[in-house]
Amino acid sequence: MASDCAGKWALTGWSDSLRLEMERDETGVNVLTVSPYYIDTGMFEGVRSPILPILEPQKTASRIVRAIDKGTDRLRMPWIVEPACHC
């Protein structure tokens, strides 16, 4: 799990930087950062959580597509890990 968290942390920093550069240069390019919990693809077979649900691939993909269509900049899944305040 440590390597998964480290990878998400690095990706978040990189995509935030890229997003700012795209906005500054007025490229019209949007950057979406997706940070999902475990997705039931077989890669995390046997993972159990008493609190967080294992994500379903099709529903996860649909949420990502909707976020792209809306121009969202961040998507964290499941909803319970989304911060209450975007301060």
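Coordinate-derived values only; no laboratory data. The shown structure was predicted, so the numbers you read here are calculated from the model rather than taken from an experiment. Cβ coordinates were reconstructed from backbone atoms using ideal geometry, including for glycine residues, and neighbour counts include every protein chain displayed.
The helix-only estimate of mean residue ellipticity at 222 nm for the chain, built from DSSP H runs of length n ≥ 4 each weighted as -39500 (n - 2.57), is -14500 deg cm²/dmol after division by the residue total. Note on the range 1-62: dipole from Cβ charges, positive end direction compared against Ile39, Leu20, Ile51; the farthest Cα belongs to Ile51. Under a model in which nothing but the beta-carbon of Lys, Arg (+1) and Asp, Glu (-1) is charged, the range 1-72 shows a dipole of about 260 debye around its Cα centre. Axis angle, to the nearest 10 degrees, between helix 57-70 and the longest C-alpha principal axis of the chain: 20 degrees. Per-residue Karplus couplings for the range 41-53, computed as 6.51 cos²θ - 1.76 cosθ + 1.60 with θ equal to phi - 60°, are listed in order as 10, x, 5, 10, 4, x, 5, 10, 9, x, 10, 8, x Hz, Gly and Pro entered as x.
Cβ under 14 Å from Ile64's Cβ, Ile64 left aside: what net charge do those residues give with Lys, Arg +1 and Asp, Glu -1? Once positives and negatives cancel, what remains is +3. Extension gain, Ser17 to Arg76, is 19.5 nm, computed as 0.36 nm per intervening residue step minus the present C-alpha separation. As a ratio to 2.2 N^0.38 Å, the alpha-carbon radius of gyration computed for the chain takes the value 1.20.
Short-range pairs are left out: with C-alpha atoms under 8 Å and at least six residues apart, the relative contact order of the chain is 29 percent. The Gln58 and Met1 beta-carbon pair, evaluated with R₀ = 22 Å, returns a calculated FRET efficiency of approximately 0.35.
A cut-off of 5 Å between modelled amide H atoms, ignoring neighbours fewer than 5 places along the same chain, links Arg76 with Ser35.
Distances between placed amide hydrogens fall under 5 Å for Leu55 paired with Tyr38, Ile39, Asp40, all partners being 5 or more residues away or on another chain.
Against the chain, whose longest principal axis is taken from its Cα atoms, helix 2-24 shows a tilt of about 20°.
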